[in-house]
1. Just one of Asp59, Asp100 is surrounded by 10 or more Cβ atoms within 10 Å (Cβ to Cβ) and either of a type in the set (D, E, K, R) or at pLDDT below 90 (or both); which is it?
2. Restricting to region 43-56, name every residue that is of a type in the set (Gly, Ala, Ser) and surrounded by 13 or more Cβ atoms within 10 Å (Cβ to Cβ).
3. Arg20 is checked against (1) surrounded by 10 or more Cβ atoms within 10 Å (Cβ to Cβ); (2) in a loop (DSSP other than H, G, I, E, B); (3) at pLDDT below 80 and fails just one. What number does that condition carry?
4. Identify the residue in region 62-97 that is of a type in the set (Asp, Glu) and closer than 17 Å to Leu23 by Cα and, among all such residues, is surrounded by the most Cβ atoms within 10 Å (Cβ to Cβ).
5. For the list (1) at pLDDT below 95; (2) not in a helix (DSSP H, G or I), I need the number of the one condition that Arg12 fails.
Amino acid sequence: MREGGWVLPRFRSCMHPPVRGLLRVAERYVPELRRHARVADLLDPKTAVPVAGVLSLLDATLIQAHGDTFTITGIERVQQGMREIDFAQTWLIDPVALID
């Protein structure tokens, strides 16, 4: 729902195809933060490795669970040249049944 830290207009957020995977939220040590944090990852259901192109969400917080959707907010660390930049990010999650 954000790109490069900027809120996407509603019409642009609809243009991004949904990404399917297994949601994992767990507390773990984050070396860059030098502390433990809740981290959300989207994993490939077949290999259990993070989905390519989807960054981890640090300090993940559930801000809404309504009907069949969940909203999680947090921070994505993006590599830009020699620096890592933290951007606010929001994930809109629509749970679906996984089919083998």
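1. Working: Asp100 fails: surrounded by 10 or more Cβ atoms within 10 Å (Cβ to Cβ).
Result: Asp59 is the single residue among Asp59, Asp100 that is surrounded by 10 or more Cβ atoms within 10 Å (Cβ to Cβ) and either of a type in the set (D, E, K, R) or at pLDDT below 90 (or both).
2. Here is the first cut: in region 43-56, the residues of a type in the set (Gly, Ala, Ser) are 48, 52-53, 56.
Hit for region 43-56 is Ser56, nothing else.
3. Single failed check for Arg20: (3).
4. Here is the first cut: in region 62-97, the residues of a type in the set (Asp, Glu) are 68, 76, 84, 86, 94.
If we keep only those that are closer than 17 Å to Leu23 by Cα too, we end up with 68, 76, 94.
On the way: Asp68: 9, Glu76: 18, Asp94: 10.
Looking at residues that are of a type in the set (Asp, Glu) and closer than 17 Å to Leu23 by Cα, I get Glu76.
5. All conditions are met except number (2).
Results for (1) without any contact (Cβ under 8 Å) to a residue 40 or more places away in the chain; (2) assigned to a strand (DSSP E or B), shown as yes or no for each residue.
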{"position": "Tyr29", "(1), (2)": "yes, yes"}
{"position": "Glu32", "(1), (2)": "no, no"}
{"position": "Val39", "(1), (2)": "yes, yes"}
{"position": "Thr47", "(1), (2)": "yes, no"}
{"position": "Leu58", "(1), (2)": "yes, yes"}
{"position": "Val78", "(1), (2)": "no, yes"}
{"position": "Asp86", "(1), (2)": "yes, yes"}
{"position": "Val96", "(1), (2)": "no, no"}
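The values are calculated or read from the model by the stated rules, or taken from the named source; none is laboratory data. Predicted model, so just to flag it, every value in this text is computed and none were measured. Cβ: placed from backbone, ideal geometry, glycine included. Neighbour counts: every protein chain shown.
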